[in-house]
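The values are calculated or read from the model by the stated rules, or taken from the named source; none is laboratory data. Remember, it's a predicted structure, so these values are computed and weren't measured experimentally. Cβ sites come from the backbone with ideal geometry, for glycine too, and all protein chains shown count toward neighbours.
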Ligand SMILES: C[S@@+](CC[C@H](N)C(=O)[O-])C[C@H]1O[C@@H](n2cnc3c(N)ncnc32)[C@H](O)[C@@H]1O
């Protein structure tokens, strides 16, 4: 396989204690694009079928002929799923991970040359943490392999069992959930070059999506020689929760400034009043309760409200466990078309979000978007436009000024 010419301005290097990493060879300003990477393979979430194009992940005009013919080159991937779906009919239900791996296997079979998604790293060389896997992960991978055999054995030649185990482990720690501007899940994809980015809870870049391309933009000034860090996780949560998630999925302990200083933890686990009345044990017990509640919490607004009531004598409204429940409650209200309820919860979440998340955050932008659209739907146009303007200011940096999300939002604000 031919050597790649690499990516201008970006070097791969050995990052002490973190394996391979990426660093810049020139300065980048806030909002500047460092590089982009087309998906090596991707699958559209089943819920998005009919709304988003399966081939390019854009909200497209499905009726136009150019749309159909423009995507003809992806026929082999379409055929792979289409055949299997026809055979299984209503019983077709492989997980997104299984569908993605099936597509990767199909592509690997025919790949002779380095793909444009692998300028720095070949898919087969992605980190898999095979030696760190516990039984639970191993069983999960075995279940995925069983699913792969069940749904695709008539349509695909599989590599051996060990190679499949490696592939699923690699996807587990390098797969990307593709999200739209409101952070709704569009699908699952793999971007080998982006998989070289290490994590920090104080990231200096954000990864966003433009169709099936991932783009890496600076959200802090980055100086020549500095490593590029993205965040793998939701940064709202306090250090203990972040550490658990990073260990559980990615097998490392983060040593970033925020994990060392825990400077935002007090703010995040804000209690009603810091007095002797609320002891450390009480706070610890409540943290444990909230963590369990988050695990158990499904879709019931009643349970959500109950847990907010239970926490409110101790936790402030801006405490992240209360915020988590309110955010869920907002989602449930939206689902139930209770827009006033959704606005009520959204307003409680919005202000603390702007304090607890970094300034350029997809989570803040998506909340402003949701709230703006809600206000406008409820005939509160000027409040809505002002929220959308705040979303726009962040999106111009993280998505880029020429992104369709940005141009569409501007049209929406003009009422077009
Ligand atoms: C998506 S890969 C990133 C590239 C990886 N370093 C490599 O060599 O392939 C994720 C893995 O990188 C390592 N990693 C990422 N961020 C790290 C950090 N802040 N500290 C230590 N290890 C890290 C962990 O092994 C993690 O599972």
For this session: Would you confirm whether any residue within region 27-49 is in the same structural domain as residue 116 (by TED's automatic domain parsing), away from the ligand (no atom under 16 Å from the Cβ), within 18 Å of residue 209 (Cα to Cα) and at pLDDT below 70?
Result: yes
Problem set entry | Residue ID - nearest to the chain's Cα centre (by Cα), chosen from residues in region 1-26 that are in a loop (DSSP other than H, G, I, E, B) and near the ligand (Cβ under 10 Å from one of its atoms) | 18
Exercise. Filter region 212-234 for residues that are surrounded by fewer than 19 Cβ atoms within 10 Å (Cβ to Cβ) and in a loop (DSSP other than H, G, I, E, B); which is nearest to the ligand (Cβ to nearest atom)?
Worked result: 233
Exercise. Is it the case that some residue within region 255-277 is touching a strand residue (DSSP E or B) at 6+ places or on another chain (Cβ under 8 Å), closer than 30 Å to residue 406 by Cα and within 16 Å of the ligand (Cβ to nearest atom)?
Worked result: no
Exercise. Regarding residue 338, is this residue closer than 28 Å to residue 302 by Cβ, surrounded by fewer than 20 Cβ atoms within 10 Å (Cβ to Cβ) and touching a residue at least 40 places away in the same chain (Cβ under 8 Å)?
Worked result: no
Exercise. Yes or no: residue 89 away from the ligand (no atom under 16 Å from the Cβ), at positive phi and either at pLDDT 90 or above or outside the structural domain of residue 405 (by TED's automatic domain parsing) (or both)?
Worked result: yes
Exercise. Which condition number in (1) over 16 Å from residue 177 (Cβ atoms); (2) within 13 Å of the ligand (Cβ to nearest atom); (3) free of Cβ contacts under 8 Å to residues at least 60 places away in the same chain is the one that residue 202 fails?
Worked result: (3)
Exercise. In region 155-173, is there at least one residue being in a strand (DSSP E or B) and in contact with a helix residue (DSSP H, G or I) (Cβ under 6 Å, 6 or more places away or on another chain)?
Worked result: no
Problem set entry | Residue that is touching a residue at least 12 places away in the same chain (Cβ under 8 Å), away from the ligand (no atom under 16 Å from the Cβ) and either touching a strand residue (DSSP E or B) at 6+ places or on another chain (Cβ under 6 Å) or farther than 30 Å from residue 394 by Cβ (or both), where the choices are 175, 187 | 187
For this session: Give the residues of region 105-139 that are under 21 Å from residue 42 (Cα atoms), assigned to a helix (DSSP H, G or I) and within 16 Å of the ligand (Cβ to nearest atom), sorted by residue number.
Result: 123, 124, 125
